[in-house]
Amino acid sequence: MTVLNRTGTLVDDPQTYPGAGIVNSSAGYTGVEGDERWAAEIRRLAESRNATILAHNYQVPAIQDVADHVGDSLALSRVAADAPEDTIVFCGVHFMAETAKILSPHKTVLIPDQRAGCSLADSITADELRAWKDEHPGAVVVSYVNTTAAVKALTDICCTSSNAVDVVESIDPDREVLFCPDQFLGAHVRRVTGRKNLHIWAGECHVHAGINGDELAGQARSHPDAELYVHPECGCATSALYLAGEGAFPADRVKILSTGGMLDAAHETRARQVLVATEVGMLYQLRRAA
């Protein structure tokens, strides 16, 4: 859980994003040194190869700063489809690059790091979804955009975190719905729609699932005047709504939002502090918006 102060610095603690060059060791990726020469060379290469660079909101600041476009996965895939360049460099995880390729089949889509996976997308395979469908013949499959292309191929409707409720509400109420892969987004949709025939896959993003309700409650009580932005993938989304219902936190200050929705809310809020329950990389764009 991170407390975002409107008066805080726009520059993240350098210890959060190490700047000792590009470190690609067995311990994993630890950051880039985003100096002017590095950025200029990337821009030169992109221009010379007719490429556009897309960076997800969760990327480190140096990557966001050098990108042509920054946003959530679906928005960036739409940008990729409309971009005049014939090469897309997608600074994100595998499913994001796959989605961009689906929307831009004639373009070359590159992912800089083959190890960039997503625990949520990996939580269901095409074979598992096929077996689940066999258990519920006639059900409508609604898959979150955070899924592999193989899973999307077996899906009836793809949704985002911001339109998942509307998508499920558009389906005949007598039809069973299989919602995958995120159990917390699915629980949010079931809570809002009241739909009893909504079956939810038990997948999760390990980062969002790790943001717990007890920590959320403690932060909310310590910052009673703050607004609370919670991504619906969070295991604490239910706790946030419970806190509001119990009066521990004003209901109008609790907002269940996609990353794009968080940026819109940050532009509009008058709150001096915001509690943010999502990936830490999102803070860079939020601080700019605030």
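One line per residue, one yes/no per condition, for (1) of a type in the set (Gly, Ala, Ser); (2) closer than 21 Å to residue 201 by Cα; (3) in contact with an Asp or Glu (Cβ under 9 Å, 6 or more places away or on another chain):
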| residue | (1), (2), (3) |
| --- | --- |
| 62 | yes, no, yes |
| 75 | yes, no, no |
| 118 | no, yes, no |
| 126 | yes, yes, no |
| 139 | yes, yes, yes |
| 143 | yes, yes, yes |
| 154 | no, yes, no |
| 157 | no, yes, no |
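Restricting segment 254-290 to residues that are of a type in the set (A, V, I, L, M, F, W, C) and assigned to a strand (DSSP E or B), which is surrounded by the most Cβ atoms within 10 Å (Cβ to Cβ)? Filtering first and then ranking leaves 277. Restricting segment 85-105 to residues that are touching a residue at least 12 places away in the same chain (Cβ under 8 Å) and part of a loop (DSSP other than H, G, I, E, B), the residue that is farthest from residue 149 (Cα to Cα) is 85.
Filtering segment 120-136 to residues that are part of a helix (DSSP H, G or I), within 14 Å of residue 152 (Cβ to Cβ) and touching a strand residue (DSSP E or B) at 6+ places or on another chain (Cβ under 8 Å) leaves 129, 133.
If I filter segment 147-162 for residues that are part of a helix (DSSP H, G or I) and without any contact (Cβ under 8 Å) to a residue 12 or more places away in the chain, do I get at least one hit? Within segment 147-162, none of the residues are part of a helix (DSSP H, G or I) and without any contact (Cβ under 8 Å) to a residue 12 or more places away in the chain.
Of the candidates 149, 139, 126, 131, the single residue that is surrounded by fewer than 20 Cβ atoms within 10 Å (Cβ to Cβ), assigned by TED's automatic domain parsing to the domain that holds residue 178, modelled with pLDDT of 95 or more and under 21 Å from the mean Cα position of the chain (by Cα) is 149. Annotation: of all residues in segment 196-244 being out of contact with any strand residue (DSSP E or B) (no Cβ under 7 Å at 6 or more places or on another chain) and over 26 Å from residue 163 (Cβ atoms), the one that is modelled with the highest pLDDT is 222. Does segment 94-110 contain any residue that is in contact with a helix residue (DSSP H, G or I) (Cβ under 7 Å, 6 or more places away or on another chain), aromatic (Phe, Trp, Tyr) and either at pLDDT 95 or above or within 13 Å of residue 152 (Cα to Cα) (or both)? Yes: segment 94-110 contains one or more residues that are in contact with a helix residue (DSSP H, G or I) (Cβ under 7 Å, 6 or more places away or on another chain), aromatic (Phe, Trp, Tyr) and either at pLDDT 95 or above or within 13 Å of residue 152 (Cα to Cα) (or both).
With respect to (1) buried (at least 19 other Cβ atoms within 10 Å of the Cβ); (2) modelled with pLDDT of 90 or more, the lone exception for residue 86 is condition (1).
Taking the listed residues 194, 203, the one that is over 23 Å from residue 266 (Cβ atoms) and touching a residue at least 12 places away in the same chain (Cβ under 8 Å) is 203, with no other qualifying. Residues in segment 170-185 that are over 18 Å from residue 131 (Cα atoms), at pLDDT 95 or above and out of contact with any Lys or Arg (no Cβ under 8 Å at 6 or more places or on another chain): 170, 171, 172, 174, 175. Among the residues of segment 168-186, those that are surrounded by 19 or more Cβ atoms within 10 Å (Cβ to Cβ) and in a helix (DSSP H, G or I) comprise 168, 183, 184, 185, 186.
The values are calculated or read from the model by the stated rules, or taken from the named source; none is laboratory data. Given the structure is predicted, the values throughout are model-derived calculations rather than measurements. Please note: Cβ atoms are built from the backbone with ideal geometry, for glycine as well, and neighbour counts cover all protein chains shown.
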